[in-house]
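Engineer: Here's a structure for you.
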Amino acid sequence: MSTINVMVIDDSAVVRQVLASVLNDAPDIAVSHAVADPLLAIERLKQAGHAWPDVIVLDIEMPRMDGLTFLRLLMQERPTPVVICSTLTEKGARTSIDALAAGAVAIVTKPKLGLRQFLVEAARELIATVRSAARARVRPGLPPPAVPAPKLTADAVLPPQHARPMAQTTECVVAIGTSTGGTQALEEVLTSLPRVCPGLVIVQHMPEKFTAAFAARLDGVCRISVKEAQANDRVVPGRALIAPGGRHLVLKRSGAQYYVDVLDGPLVNRHRPSVDVLFRSVARSAGANALGIIMTGMGDDGAAGLFEMRNAGARTLAQDEESCVVFGMPKEAIKRGAVERTVALSAIGREIQGVAGR
């Protein structure tokens, strides 16, 4: 792969220095510019010509022009993969979710204290995120990260179970897994759903603290109810439960009713929450009463779990390559025989509405 040309925009000289040092240490990445605010970045971009950056690493809160305004201008003029480098605060989380909605590809969180040491320790994650962003298909109005750790399977959280799937019930459950590009893809799907639709359980790879803001934003634009999942939340028609960042989401059943639990545990496929963990629990608790959908994202999280869902009698779908920002997760699920059909992003809402009448 050719060298990934990166521009860093951050008002902190320390952050610019450390980010440039970390990224330049990767053999396939080069930081061409590290500037203090978006107005300086705009001047550099006007002079870039054929050396336009492949990825921009962007802070949000900066003088003269904030990162969100710059991002929106960028996506109108020349859509470019953007990684948000944001402070881990609730206010920062809400703003970063707006940035993802505006087209950013991923979020890298940074603490208020111990910044230099944190960025050095998170070097592998940052490099992996930039590489992932460089391969993303960014479009106007459309928008993560690989975490350095041993790659565990869902066995680390939920041991395999060989019992037969439960009998058919009147309630259906829709399970969705997604990663890079998923924030805007989920918004398109969920805003298309009517108030009465099957209950949904969702894993979107996202850092801790960001999922609550993401769920709140979706709840404000959707006809259905959307919330960050908590232990013992019921899965009911017209509601979507989103896995909290840093916790695994599992589906459980009591009689004919479904509810969720949120669990600590190791990273699975280098993610927590993991799509494989959710899908395995859905295969176990819902069986043929479920629809599994794997959407845009990098890596293979969810492929094994979707295969288990299909073997348990569930319907299984994958977002098609044309409408994905990154086709990695759907492609791997298709390769493993976990997918019955691929569908365009625009058709997923209709598929969800149709599952209740199966």
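The values are calculated or read from the model by the stated rules, or taken from the named source; none is laboratory data. Since the structure is predicted, the reported quantities are computational estimates derived from the model, not experimental observations. Don't worry about glycine lacking a Cβ; one is built from the backbone with ideal geometry, like all the others, and counts go over all protein chains shown. Quick note on the areas: whole protein, heavy atoms, side chains included, nothing else; ligands and nucleic acids left out. Shrake-Rupley method; radii C 1.70, N 1.55, O 1.52, S 1.80 Å.
Engineer: Given the C-alpha atoms of the range 1-91, compute the convex hull and give its volume per residue in Å³.
Structural biologist: It comes to 101 Å³ per residue, whole-number rounded.
Engineer: If you average the alpha carbon positions of the range 19-58 and of the range 214-260, how far apart do those two centres end up, in angstrom?
Structural biologist: For the range 19-58 versus the range 214-260, the Cα centre distance is 39 Å.
Engineer: Sticking with this structure for a sec: Give me the 1.4 Å probe accessible area per residue for the range 204-358, excluding ligands and nucleic acids, in Å².
Structural biologist: I get 35 Å² per residue for the range 204-358.
Engineer: Label points 7 Å out from Cα along the Cβ direction at ASP25 and ARG341: separation in nm?
Structural biologist: 4.9
Engineer: Related question: In deg cm²/dmol and to the nearest 500, what is the mean residue ellipticity at 222 nm of the chain if only DSSP H runs of at least 4 residues count, each as -39500 (n - 2.57), divided by the residue total?
Structural biologist: Rounded to the nearest 500, the figure is -10500 deg cm²/dmol.
Engineer: Per the 1.4 Å probe, what fraction of the accessible area of the chain, in percent, lies on carbon and sulfur atoms?
Structural biologist: 50
Engineer: Which log10 I(q)/I(0) values does the range 183-256 give at q = 0.12, 0.23, 0.25, 0.26 Å⁻¹ under the Debye formula, counting every alpha carbon as one identical point scatterer?
Structural biologist: Result of the Debye calculation: -0.29, -1.05, -1.21, -1.28.
Engineer: Further, regarding this structure: Give the calculated FRET efficiency between ARG195 and GLN47 to the nearest 0.05, with a Förster radius of 56 Å applied to their Cβ-Cβ distance.
Structural biologist: 0.65
Engineer: What per residue convex hull volume, in Å³, comes out for the chain when only alpha-carbon positions are used?
Structural biologist: Measuring per residue, one finds 123 Å³ for the Cα hull of the chain.
Engineer: Something else now. Roughly how many Å² is the accessible area per residue of the range 1-75, as a whole number, for a 1.4 Å probe?
Structural biologist: With all protein chains present, the range 1-75 gives 45 Å² per residue.
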